[in-house]
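All remarks here apply to the structure that follows.
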Amino acid sequence: MALLVGSARAVPVVKRADIDLVVLQFALTLEHLENVFYKQALKKIPEYKFLQAGYTKEYYNNIKYIAHDEEEHVKLLTGGITAAGGKPVAACKYDFPFTDVKSFISLSSILEGVGTSAYLGGAPLITSKDYLTIAGSILVTEALHTSMQRAALHRVPSANPYGTPLSPSPVYTLAAAFIKSCPSSNMALPFTAFPALKGPSGSICPGKPAGFSVAGSLPSKFFVTFINGLEIVSVSPKSVKGKTFWATPPATFGGQTYALVTSTNMTGGPIADSGILYGPAILEITPNPPKYDVNLQK
Ligand SMILES: *[C@@H]1O[C@H](CO)[C@@H](O)[C@H](O)[C@H]1NC(C)=O
């Protein structure tokens, strides 16, 4: 598939004026996914299940507000794309692997985190300042959802001083994992879905090695590129055994973190699609205790 992001060579593929429309269609693709996810959850899990699981009526009510937000995002983007002369993509068929309250909240936290990263990673591509304001406005809402769900999981809501941008193809890869099929009339997005990278399932501690695996083969030399906040750090894997390996994210990383298997050292960025072999995997790193100086008040 054509490249769009993270490299100058992408620009000739999609004409400058068309990039905004592609970004809007991509945003709508993600909003459809989130909207259907919450609608399915509200249909499948009645309020009493949340109460039984120890959550309050107030918490359940806030889930309804989130569903409302995602529906509004779908409507706004649909209207915007139509006004810009495009044909808005329709919702796809999805497979969301949640079975109960806990797995719903975990998945919600991840999806909202990815949504936040998607708007942040897509922001530099947007040429229209008006669209940029709308994208920023939606980003804030996705980030508020993220911190609410992180708190519900007893994770630090603001685990990093900075949000984590993720470029469209890695985001597309993560979204594609939940998509079974889309209407053939939907515009094809110029992004790549990379082969899956499986990371650790639970939270990991900062600076400790994490185990990964892939379904395909690994080259003799590769890097594991971690993305968290505004930092991109590529490391060499610790030990490789067939399709599994260990790698250690930087000790300063905390919260939702993305890991890619890359063919080059991408430390400091940018993340070039052409160098991605697998991933991203999503890791949850328990942040280190907060450090601050109470005397720094100037
Ligand atoms: C990747 O590049 C950075 C900066 O250029 C360097 O400090 C680091 O050692 C490199 N990492 C590896 C695993 O080679």
Exercise. Per the chain: cysteines with no other Cys C-beta under 4.7 angstrom?
Worked result: Cys205
Exercise. On full extension of the chain, what length is gained from Lys64 through Asn288, given 0.36 nm per residue of separation minus the C-alpha to C-alpha distance?
Worked result: 77.4 nm
For this session: Mind checking which of Ala118, Pro161, Val36 is farthest towards the positive end of segment 18-181's charge dipole, using Cβ charges of +1 (Lys, Arg) and -1 (Asp, Glu) about the Cα centre?
Result: Val36
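Rounding to the nearest 20 debye, state how big the charge dipole of segment 197-285 is about its Cα centre with +1 on each Lys and Arg Cβ and -1 on each Asp and Glu Cβ. Don't skip to the end; give the middle numbers.
Details: 6 positive and 3 negative charges, 77 e Å.
Once rounded to the nearest 20, the dipole reads 360 debye.
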Problem set entry | the chain: most fluctuating residue of Pro287, Pro168, Pro124 per GNM, C-alpha cutoff 10 Å | Pro124
Seminar exercise, completed: Computed on Cα atoms, Rg of segment 18-181 relative to 2.2 N^0.38 Å comes out at 1.02
Exercise. Which distance in Å, rounded to a whole number, links the C-alpha centroids of segment 269-295 and segment 114-183?
Worked result: 14
For this session: Tally up the carbon and sulfur contribution to the accessible surface of segment 197-285 as a whole percent, 1.4 Å probe, everything protein left in place.
Result: 58
Seminar exercise, completed: Mean-square fluctuation maximum in Gaussian network of the chain, Cα pairs under 10 Å, restricted to Ala83, Ala281, Ala123, hits Ala83
Exercise. Which of Pro46, Pro190, Pro209 moves most in a GNM of the chain, Cα contacts under 10 Å?
Worked result: Pro46
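To the nearest 500 deg cm²/dmol, what mean residue ellipticity at 222 nm is calculated for the chain from DSSP H runs of n ≥ 4 alone, each contributing -39,500 (n - 2.57), summed and divided by the residues? Walk me through the numbers before you get to the answer.
Numbers: 6 runs with 117 residues, N = 298.
Calculated at 222 nm, the ellipticity per residue is -13500 deg cm²/dmol.
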Problem set entry | Proportion of all alpha-carbon pairs of segment 197-285 beyond 19 Å (%) | 28
For this session: Output the pairs from Lys64/Lys87; Lys43/Lys75; Lys93/Lys238; Lys64/Lys129 with a Cα-Cα distance over 27 Å in this structure; if there are none, say none.
Result: Lys64/Lys87; Lys93/Lys238; Lys64/Lys129
For this session: Would you list the P(r) distribution for the chain, with all Cα-Cα distances sorted into 10 Å bins from 0 and each bin expressed as a whole %?
Result: 6, 27, 34, 24, 8, 1, 0
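Mean Kyte-Doolittle of at least 0.0 plus a Cα span of 27 Å or more along the axis: flag which DSSP H helices in the chain meet both, please. If you can, show how the numbers build up before the last one.
Numbers: long enough: 16-44 (43 Å, 0.17); 57-83 (39 Å, -0.73); 101-122 (31 Å, 0.84); 129-152 (35 Å, 0.26).
Correct list, ordered by number: 16-44, 101-122, 129-152.
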Problem set entry | Distance between modelled label sites at Asp18 and Ser220, nm, 7 Å Cα→Cβ extension | 4.2
Exercise. Spin-label point model (7 Å from Cα, Cβ direction): what's the Leu230 to Ser137 distance in nm?
Worked result: 2.6
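So how do 142-155, 60-73 stack up, highest first, on mean other-Cβ count within 10 Å?
Values: 142-155: 19.2, 60-73: 17.1.
The peptides rank, most packed first, as 142-155, 60-73.
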Problem set entry | Distance in nm between pseudo-label sites at Gln52 and Thr127 (7 Å out along the Cβ direction from Cα) | 5.5
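The values are calculated or read from the model by the stated rules, or taken from the named source; none is laboratory data. Quick caveat: nothing in here was measured; it's all calculated off a predicted structure. Ideal geometry is used to build each Cβ from the backbone, glycine not excepted, and the neighbour counts take in all protein chains shown. Ligands, DNA and RNA are stripped out before the accessible areas are found, and what is left, the full protein with its side chains, is counted by its heavy atoms. Shrake-Rupley method; radii C 1.70, N 1.55, O 1.52, S 1.80 Å.
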